[in-house]
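The values are calculated or read from the model by the stated rules, or taken from the named source; none is laboratory data. None of the values given here were measured: they were computed from a predicted structure. Virtual Cβ from ideal backbone geometry, glycine too; neighbours counted across all protein chains shown. Remember, those area values only see protein heavy atoms, side chains included, never the ligands or the DNA or RNA. Shrake-Rupley method; radii C 1.70, N 1.55, O 1.52, S 1.80 Å.
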Amino acid sequence: MDKLKQIEKLRDKALAELKRVDSLEAAAAWRSAYLGRKGALTQLLRGLGRVPATERPRLGQLGNELKVDLEEAYAEILPNLKQAALRRSLEMERVDVTLPGRPLGPGRLHLSTQILREIYAIFAQMGFQVEETPEVELDEYNFTLLNIPPYHPARDMWSSFYTTDNRVLLRTHTSPGQIRVMRRYAPEPIRVMLPGKCYRYEQVTARSEIQFHQVEGLAVGRQISMADLKGVLIEFARQMFGEETRVRFRASHFPFTEPSAEMDIECFLCGGQGCRVCKHTGWLEILGSGMVHPQVLTNGGYDPQIFSGFAFGMGPERIAMLKYRIDDIRYFFISDLRFLEQF
Ligand code: DAH
């Protein structure tokens, strides 16, 4: 077929096909099929090298005119196709502004914090104020000044996380705060609560975590007796667990108190009859307490001939577990919203 005919045929075919193009994708395909580097028109123009020299200029001119015509025809349909594409995407991807948003939870206090605040509120009524003491402690404060010298067997009760400096550890209880506040306030009378995180290097079980909270209570003054200790703690138990709550004090031993006592509340599950939760004793232990040991008073800067005091320590997680019947302490720190959102 001669080149002239080929050019005319190509024009007809290309324009006919362009009429059927109905999307941007099809337009791009059309363009590359005719005008692209490997497109039909490009190939045809390249083939002109082999026609006789006399015909070459004319054919070349016709070929180039066709190229311009096709480019123009293409440019002409493009705006419509773009419009159509835009219209389609607006229809399909429309944002429904009336759709209600997903509510953002306002957040809540962690159960441990809630219980801590309840504890603060109860003791605040009795004149106790909250003080902060260090979470990373000196061995000396955590043990020695509390009458637990190096190699004292009582240190076995607190297997500790030491830092690389073996005089520094994560406190195993809030009791070292007693020394810190006594040294801060001596010889003034004291009534404080010392809350905070504590750490023990122990097996994690349903009843013990390596990280937990404690609240220490400390009262130091000139006329403080065991009766004050009992009165304050009984009042606390009634406010925390209910007016009818029965409590008992049980003799115990802590190196930093003398005498020492643990306080139990009557088992709420069996009403004191004895069951699995209270291990058939009818009682649940909630805190340790005692009269501040004279040596501890001395270490804090108070003369035990003149001053006396009582102290107590409790775990808010344990209180919460008793109050809400939570059977595993590990729930507190695994950040599972199904647990946390219940409180
Ligand atoms: N520190 C003790 C513990 O972690 C609890 C305790 C007992 C604190 C008696 C006291 C206390 O202040 O008087 O087991």
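Around the amide H of Gly196, modelled in the peptide plane, lie the amide H atoms of Gln214, all under 5 Å away and 5 or more residues distant in sequence or on another chain. In this rough spin-label picture, where each label sits 7 Å from Cα along the Cβ direction, the Leu269-Tyr324 distance is 1.8 nm. Accessible area per residue for the stretch 2-92, computed on protein heavy atoms with a 1.4 Å probe, is 69 Å². Taking each DSSP H run with n ≥ 4 as -39500 (n - 2.57) and averaging over every residue of the chain yields -12500 deg cm²/dmol at 222 nm.
When the Cα atoms of the stretch 111-340 are aligned to their principal axes, the ranges along those axes come out at 45, 43, 30 Å in descending order. Rounded to the nearest 0.05, the FRET efficiency derived from the C-beta distance between Gln342 and Thr245 at R0 = 22 Å is 0.45. Principal-axis analysis of the Cα atoms of the chain puts helix 56-92 at an angle of about 30° to the longest axis. Report, to the nearest whole %, how much of the accessible area of the stretch 111-340 belongs to carbon and sulfur atoms, 1.4 Å probe, protein only. Carbon and sulfur: 50 percent of the exposed surface of the stretch 111-340. Taken about its Cα centre, the chain carries a charge dipole of roughly 1860 debye when the Cβ of each Lys and Arg holds +1 and the Cβ of each Asp and Glu holds -1.
Label zone of Phe333 (point 7 Å out along Cα→Cβ, amide N under 15 Å): in the stretch 204-240 this covers 204-215. Just to check, using Stokes-Einstein with a Kirkwood Rh over alpha carbon pairs, what's the diffusion coefficient of the stretch 125-209 at 25 °C and 0.890 mPa s in µm²/s? The calculation lands on 176 µm²/s. Mean-square fluctuations from a GNM of the chain, with a 10 angstrom spring cutoff on Cα atoms, peak among Thr163, Thr42, Thr144 at Thr42.
Placing dummy labels 7 Å off each Cα toward the beta-carbon, the span from Ser208 to Val136 is 2.5 nm. If you wrap the tightest convex hull around every Cα atom of the stretch 202-299 and split its volume per residue, you get 132 Å³. If you take all other residues with their beta carbon under 12 Å from the beta carbon of Ile122, and give Lys and Arg +1 and Asp and Glu -1, the sum is 0.
A cut-off under 14 angstrom between Cβ atoms defines the neighbours of Val21, and their net charge, with Lys, Arg +1 and Asp, Glu -1, is +1. Between Thr98 and Tyr151, the simple label model (points 7 Å from Cα in the Cβ direction) yields a spacing of 8.3 nm.
Run the accessible area of the stretch 2-92 with a 1.4 Å probe and give the carbon-and-sulfur part as a rounded percent. Carbon with sulfur: 54 percent of the solvent-accessible area.
Quick one: net charge of Asn64's neighbours, Cβ under 15 Å, K/R +1, D/E -1? Around Asn64, the surrounding residues sum to 0. The GluC sites (Glu not before Pro) of the stretch 64-136 that meet both conditions, a loop assignment by DSSP and at most 14 other Cβ atoms within 10 Å of the site Cβ, are Glu93, Glu132, Glu135. If the rule is a partner Cβ under 4.7 Å, which cysteines in the chain fail it? Cysteines lacking a close Cβ partner in the chain: Cys198.
Among DSSP beta bridges lying fully in the chain, give the percent that are antiparallel, nearest 5. The antiparallel proportion sits near 95 percent.
Helix 3-20 sits at what angle to the longest principal axis of the chain, using alpha carbons and giving 0 to 90 degrees rounded to 10? The angle comes out near 40 degrees. For Ser159 and Ala85 in the same chain, what is the full-extension length gain: residue separation times 0.36 nm, less their Cα-Cα distance, in nm? Between Ser159 and Ala85, full extension yields an extra 19.6 nm. Extension gain for the segment Thr298 to Arg238, taken as residue separation times 0.36 nm less the Cα-Cα distance, is 18.3 nm to one decimal.
Multiplying the residue separation of Lys9 and Arg50 by 0.36 nm and subtracting their alpha-carbon distance yields 12.8 nm. Of all lysines in the structure, those lying under 21 Å Cα to Cα from Lys82, and not within fewer than 8 positions of it along the same chain, are Lys19.
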